Amino acid sequence: MRIGITGHRGLTTEVEGQVRQLLEDALARENPNELTIVSCIADGPDAWLAEIALERGARLEAVIPADQYRDGLPQWHHPTYDHLLEVATAVHRTGHVESDEAAHMTGSEILVQQVDKLLAVWDRLPARGYGGTADVVAYARQRGVPVEVLWPRGALR
């Protein structure tokens, strides 16, 4: 099974704890020996799912939306990003240099094309910019990739 991840970043500590539990529960149904997670490994759900999966013995493939992608992530996340990129069994690149909305959407499209199912940490609201979670969910659905939406009841972002 190949599972992709998309989701909101910058969640509160309370919502983070709830989302981490939802991600744990989603992976509990999967055999780690047959599981590959495909992630852009950004801070938030992308990295959390990757870490959970690796702890269980699954594999990780990284999608890098742009050459400058890491520079646009929070500095505190760089050690986690670097570690996840280092342990990834494959790395998919878009060819974009600038880490902008177009690169992020291209990265998400590549991610969706690699998976059997997409987990979406999504509040079901429209994207705040092109390439946001809602756009990735719409793209997956358009391609016929099953989407499992994970969002804590009553949570706000």
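Looking only at region 127-142, decide whether some residue is of a type in the set (D, E, K, R), assigned to a loop (DSSP other than H, G, I, E, B) and over 16 Å from Gly7 (Cα atoms). So far as region 127-142 goes, no, none of its residues is of a type in the set (D, E, K, R), assigned to a loop (DSSP other than H, G, I, E, B) and over 16 Å from Gly7 (Cα atoms). One residue stands out among those in region 127-156 that are at pLDDT below 95 and more than 19 Å from Thr94 (Cβ to Cβ): the one that is least open to solvent (accessible area, probe 1.4 Å), which is Ala155. Taking region 1-120 as the region of interest, the helices (runs of 4 or more DSSP H) fully inside it that hold 1 or more residues being over 23 Å from Tyr139 (Cβ atoms) and open to solvent by 30 Å² or more (accessible area, probe 1.4 Å) are 13-28, 45-55, 78-87. For region 1-39, a residue qualifies if it is free of Cβ contacts under 8 Å to residues at least 60 places away in the same chain and closer than 19 Å to Asp116 by Cβ, and the qualifying residues are Asp25, Leu27, Ala28, Arg29, Glu30, Asn31, Pro32, Asn33, Glu34, Leu35, Thr36, Ile37.
The values are calculated or read from the model by the stated rules, or taken from the named source; none is laboratory data. For clarity, every value in this text was computed on a predicted model and none was experimentally measured. Ideal geometry is used to build each Cβ from the backbone, glycine not excepted, and the neighbour counts take in all protein chains shown. Quick note on the areas: whole protein, heavy atoms, side chains included, nothing else; ligands and nucleic acids left out. Shrake-Rupley method; radii C 1.70, N 1.55, O 1.52, S 1.80 Å.
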